[in-house]
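> My structure is below; once you've seen it, I'll send some questions.
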Amino acid sequence: MVIAVDFDGTIVQHRYPQIGEEISFATETLKMLIQDHHKLILWTVREGKLLHDAVEWRKEHGVEFYAVNKNHPMEEFTDINYSRKLRAHLFIDDYSLGGIPDWEIIYKKISKGQAFTADYPKEKLRRKKGWFKRLFRKG
């Protein structure tokens, strides 16, 4: 399975543009998914030096992604009108509808081939605090 994984807020805590602390069990889970022969793509809005920093962080933590912001490692973006849309079977992102479950739940669902539904315990969700209020803030 091809799995696109966000960086900020998913693998590490939000501290953009800095790199936050690792979220518990993120790298261990990613390594297990790679061992299970899934192709992981680092999928992030980071560019330039900020992207370089994220790539170096994952190297230091021993996580080898199949590609970074691309469908495959050799993909080139030469056309300015080219879309960076990824073709992945699953996207793991903290902005997912309903939040993101703990990495333990993510691994169990993927390894068992189960669908991601709202059946995981609500207390296990890491939600963005205040995001809804910011959405409707005036000014």
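The values are calculated or read from the model by the stated rules, or taken from the named source; none is laboratory data. The shown structure was predicted, so the numbers you read here are calculated from the model rather than taken from an experiment. Here Cβ is always computed from backbone atoms with ideal geometry, including for glycine, and neighbour counts include all displayed protein chains. With ligands, DNA and RNA removed, areas are computed over all heavy atoms of the protein, side chains included. Shrake-Rupley method; radii C 1.70, N 1.55, O 1.52, S 1.80 Å.
> Six or more apart or on different chains, Cβ atoms under 8 Å: show the pairs whose first residue is in region 57-76 and over 22 Å from residue 36 (Cβ atoms) and whose second is assigned to a loop (DSSP other than H, G, I, E, B) and open to solvent by 30 Å² or more (accessible area, probe 1.4 Å).
Final answer for the pair search is 57/19; 69/43; 69/84.
> Further question: Quick test for you: out of 54, 4, pick the one residue that is over 16 Å from residue 116 (Cβ atoms) and of a type in the set (Gly, Ala, Ser).
Just one listed residue meets the conditions, 54.
> Follow-up. Which number in (1) on the phi < 0 side of the Ramachandran plot; (2) at pLDDT 85 or above marks the one condition that residue 128 misses?
So residue 128 meets the others, but not (2).
> Would you call residue 46 of a type in the set (Lys, Arg), in a loop (DSSP other than H, G, I, E, B) and surrounded by fewer than 17 Cβ atoms within 10 Å (Cβ to Cβ)?
No, not satisfied.
> Restricting to region 69-122, and then to whatever is within 19 Å of residue 44 (Cβ to Cβ) and at pLDDT below 75, can you tell me which residue is surrounded by the fewest Cβ atoms within 10 Å (Cβ to Cβ)?
Of everything passing the filter in region 69-122, 83 is surrounded by the fewest Cβ atoms within 10 Å (Cβ to Cβ).
> Would you be able to tell me the number of residues in region 1-37 that are within 25 Å of residue 87 (Cβ to Cβ), part of a loop (DSSP other than H, G, I, E, B), open to solvent by 30 Å² or more (accessible area, probe 1.4 Å) and in contact (Cβ under 8 Å) with a residue 60 or more places away in the chain?
Residues flagged as within 25 Å of residue 87 (Cβ to Cβ), part of a loop (DSSP other than H, G, I, E, B), open to solvent by 30 Å² or more (accessible area, probe 1.4 Å) and in contact (Cβ under 8 Å) with a residue 60 or more places away in the chain within region 1-37 amount to 2.
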